[in-house]
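Structure, as structure tokens:
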Ligand SMILES: Cc1cc2nc3c(=O)[nH]c(=O)nc-3n(C[C@H](O)[C@H](O)[C@H](O)COP(=O)(O)OP(=O)(O)OC[C@H]3O[C@@H](n4cnc5c(N)ncnc54)[C@H](O)[C@@H]3O)c2cc1C
């Protein structure tokens, strides 16, 4: 089985690895001249780390990660704790894998190191995808036309493949943007910050956590804005802009934002849910299929799950069966990913409630939830059956049981 994967982000790299493990010969095409993952921190909930274990990468990624004991939600103005959810060993026991917080580059490098150099073509932009009954084809900006039994378009939130497959449809600005920064631990040591916290305020929230085993603090400050900010990991905010936006916030948050210096400003974009991601021998995967707001920290996790299920579905499949296999892959993933997209959008609305009765009711609800669900509201997505089922079947196959 020959596959072409378009895009070497977290989704495309994981798909490449997963397909190779399923016995496919994979060519990975990436438009940038070298593997790059900029950005800052990324959280890997147990549904993501279970996939990493399946791909043989959990130990490598965990060695450079931070492991939070819990998540402390706080109020924006005085830092009073609203509630605390558990994420340490109890979560690992409950979900069968740890909750990790990592530098994106560490995750990206761990995935990229598994792709043999003969399988990847960098500096290769795909400018078209088409297919006939027997093969799918990509056209590159160099003028080549490459064929395979299937094409996986993991070309991110700005996906052009999605337009080629399903017609006009652009990334949608979410009305929110994020300031992002990484600070050395020594620069914030005096602030006595919780290991992992979400500070909630009107039209804004701030999240921070450690990466690189506690060497760096990852800081994300989200705010509503009508200005459709650029979706770019490298666009910088104006000097001091973040302090004006978060004026009046708890001193520790303001001080961390001030010490961050010139921060990055990232416009958050999403994609409208689709009724299907595949057509014939071509499918979308990751953000191209279901880009979501990051308010449940699930975008990459869902991309990893796509990759795991895709590999599982393609194992033992003949080239003639590819269209049916892709339909099975989408059937197993679409409902979950679409519901996480919706959940992420509404999490933002809840985080950003104005002060007063609505925020008080939210806080009371979060406190009540913590007494019945120790892991918090987003944990409902961490035990997803589609990947667990896949794992169970893979185990059965290895052990030879029926
Ligand atoms: C502020 C923020 C915080 C986040 N935090 C988390 C988190 O904590 N946990 C989590 O799970 N998720 C998080 N996410 C989401 C996560 O970053 C994305 O869901 C994930 O990176 C998507 O991976 P991808 O491979 O689908 O797309 P991308 O990473 O965008 O990769 C797409 C790749 O395709 C390449 N490409 C594009 N077009 C072409 C073409 N025509 N030809 C060849 N190559 C092409 C690009 O160069 C790129 O390398 C966050 C997102 C944001 C914005």
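A short reminder: the numbers here are calculations on the coordinates, not readings from a lab. Here the structure is a predicted model, which means the values were calculated and not measured. Cβ placement follows ideal geometry from the backbone for every residue including glycine, while neighbour counts extend to all protein chains displayed.
Just need the relative contact order of the chain here, percent rounded to a whole number, with Cα pairs under 8 Å and 6+ apart. Before the final figure, lay out each step's value.
Values: 842 pairs, mean separation 87.4, N = 402.
Reported relative contact order: 22 percent.
When 285, 314 are ordered from fewest to most other Cβ atoms inside 10 Å of their Cβ, what list results? Spell out each step's value before the answer.
Numbers: 285 32, 314 24.
Fewest to most other Cβ atoms nearby, the residues stand as 314, 285.
Over all alpha-carbon pairs in region 325-383, figure out the percentage whose distance exceeds 19 Å.
Values: 801 of 1711 pairs.
Cα-Cα pairs in region 325-383 separated by more than 19 Å: 47 percent.
Take every Cα-Cα pair in region 1-147 and report what % of them are more than 22 Å apart.
Working: 5504 of 10731 pairs.
Roughly 51 percent, once rounded to a whole number.
Describe numerically, in nm with one decimal, the distance between label points set 7 Å from Cα along Cα→Cβ at residue 324 and at residue 232.
Calculated label separation equals 4.8 nm.
For region 54-119 and region 121-188, what is the centre-to-centre distance using only Cα atoms, to the nearest Å?
25 Å
Whole-Å semi-axes of region 141-272's equivalent ellipsoid, largest first, each the root of 5 times a Cα gyration tensor eigenvalue?
Details: eigenvalues 252, 66, 33 Å².
Values for region 141-272, descending: 35, 18, 13 Å.
On a 0 to 90° scale, report how tilted helix 10-21 is relative to the longest principal axis of the chain, with both axes built from alpha carbons and the result rounded to the nearest 10.
Result, in degrees: 40.
Return 225, 234, 381 ranked ascending by Cβ neighbour count within 10 Å, so the fewest neighbours appear first.
On the way: 225 17, 234 9, 381 21.
Listing 225, 234, 381 from fewest to most nearby Cβ atoms yields 234, 225, 381.
Compute from the Cα atoms of region 161-207 the Rg and the Dmax, the latter being the longest Cα-Cα distance, and quote both in angstrom.
Reported Rg and Dmax, both Å: 18.3, 53.
Once both axes come from the Cα atoms, what is the angle between helix 299-314 and the longest principal axis of the chain, in degrees from 0 to 90, rounded to 10?
The answer is roughly 20 degrees.
Taking only Cα atoms, what is the 0 to 90° angle, nearest 10, from helix 357-372's long axis to the longest principal axis of the chain?
70 degrees
Would you mind giving the average projected area, over all directions, of the Cα convex hull of the chain in nm² with one decimal?
Details: hull surface 78.6 nm².
The directionally averaged projection comes out at 19.6 nm².
For region 252-331 and region 3-22, write down the distance between their C-alpha centroids in whole Å.
Distance between centres, Cα-based: 12 Å.
Return 290, 352, 208 ranked ascending by Cβ neighbour count within 10 Å, so the fewest neighbours appear first.
Details: 290 28, 352 19, 208 25.
In increasing order of surrounding Cβ atoms, one gets 352, 208, 290.
Assuming a viscosity of 0.890 mPa s and a temperature of 25 °C, what translational diffusion coefficient in µm² per second does Stokes-Einstein assign to region 297-340, Rh being the Kirkwood radius over Cα pairs?
226 µm²/s
Using the Kirkwood radius over C-alpha pairs as Rh, can you work out the diffusion coefficient of region 209-335 via Stokes-Einstein at 37 °C, viscosity 0.692 mPa s, in µm² per second?
Working: Rh = 17.7 Å.
For these conditions, the coefficient is 185 µm²/s.
With N set to the number of residues, divide the alpha-carbon radius of gyration of region 81-123 by 2.2 N^0.38 Å and report two decimals. Provide the component values of the computation, followed by the final result.
Values: Rg = 17.0 Å, N = 43, 2.2 N^0.38 = 9.2 Å.
Normalised Rg, Cα atoms only: 1.85.
Provide the descending list of Cα extents for region 218-291 along its principal axes, expressed in whole angstroms.
Extents along the principal axes: 54, 23, 21 Å.
How many percent of all Cα-Cα pairs in region 174-240 sit more than 15 Å apart?
Values: 1286 of 2211 pairs.
Distances greater than 15 Å cover 58 percent of the Cα pairs.
What number, rounded to the nearest 500 deg cm²/dmol, is the helix-based mean residue ellipticity at 222 nm of the chain, given -39500 (n - 2.57) per DSSP H run of at least four residues and division by all its residues?
Details: 14 runs with 148 residues, N = 402.
When only DSSP H runs of four or more count, the value is -11000 deg cm²/dmol.
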